[in-house]
Amino acid sequence: MKNFSLKIATPDGLVFDGEVESLLIRTTEGDVEILAGHADFLSALGIGRARITANGEKRFAAVSGGFVSVRKNEVNVVCTTFEFSDEIDINRAKLAKERAEDAIKSKKDSNAEALLKAKLSRALARISAWELGK
Ligand code: ATP
């Protein structure tokens, strides 16, 4: 399978830089799978799982917010958070999920609710990526 160059950056720095066969990532429009030769493209990222395939091996990650761009067979992801499954602290994610669910149930103001729902989505993405990476 043909490869393409993928770089993933967060505010902490470059978290991935390599040649890959495929990137599956959650955009605000839904999941997108990018393969070599994909048309030039720019999209905002949602909160969800990502899957990178390189040398026939799949790695899963949790991603939140940012952008993905494809230009001349080079793919760049700039995101707010990115954790590979083996970097995810599963207990922290489970606690974050419980805290967000409890706070949503207690129904405070609606602005807080949107932030809490995003927090819950991040926790669910981390739990899902961790389970896929087991
Ligand atoms: P928490 O309430 O546990 O902090 P959060 O969703 O509010 O969760 P974020 O603001 O999305 O956390 O992330 C803050 C930083 O902590 C980022 O660098 C992110 O990669 C890291 N992080 C958050 N949760 C986890 C986790 N379960 N395992 C590993 N890193 C995490």
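Restricting attention to the range 95-111 and to residues that are within 10 Å of the ligand (Cβ to nearest atom) and either part of a loop (DSSP other than H, G, I, E, B) or among the aliphatic types (A, V, I, L, M) (or both), the residue that is modelled with the lowest pLDDT turns out to be ALA100. Within the range 50-94, the set of residues being within 16 Å of ILE25 (Cα to Cα), within 14 Å of the ligand (Cβ to nearest atom) and of a type in the set (D, E, K, R) comprises just one member, GLU83.
Within the range 82-94, track down each residue that is of a type in the set (D, E, K, R) and outside any helix (DSSP H, G or I). Listed by number, the residues that qualify are GLU83, ASP89.
The lone criterion from (1) outside any helix (DSSP H, G or I); (2) within 16 Å of the ligand (Cβ to nearest atom); (3) loosely packed, with under 13 Cβ neighbours inside 10 Å; (4) among the hydrophobic types (A, V, I, L, M, F, W, C) left unmet by ALA114 is number (1). Among the conditions (1) touching a strand residue (DSSP E or B) at 6+ places or on another chain (Cβ under 7 Å); (2) closer than 25 Å to GLU19 by Cβ; (3) in contact (Cβ under 8 Å) with a residue 40 or more places away in the chain, ASP86 misses just one, which is (1). At least 3 residues being under 16 Å from the mean Cα position of the chain (by Cα) and buried (at least 16 other Cβ atoms within 10 Å of the Cβ) is the threshold, and among the strands (runs of 3 or more DSSP E) wholly inside the range 15-81 those reaching it are 22-27, 47-54, 57-71.
The values are calculated or read from the model by the stated rules, or taken from the named source; none is laboratory data. All values reported here derive from a predicted model rather than from experimental measurement. So basically every Cβ, Gly included, is an ideal-geometry build from the backbone, and we count neighbours across all protein chains shown.
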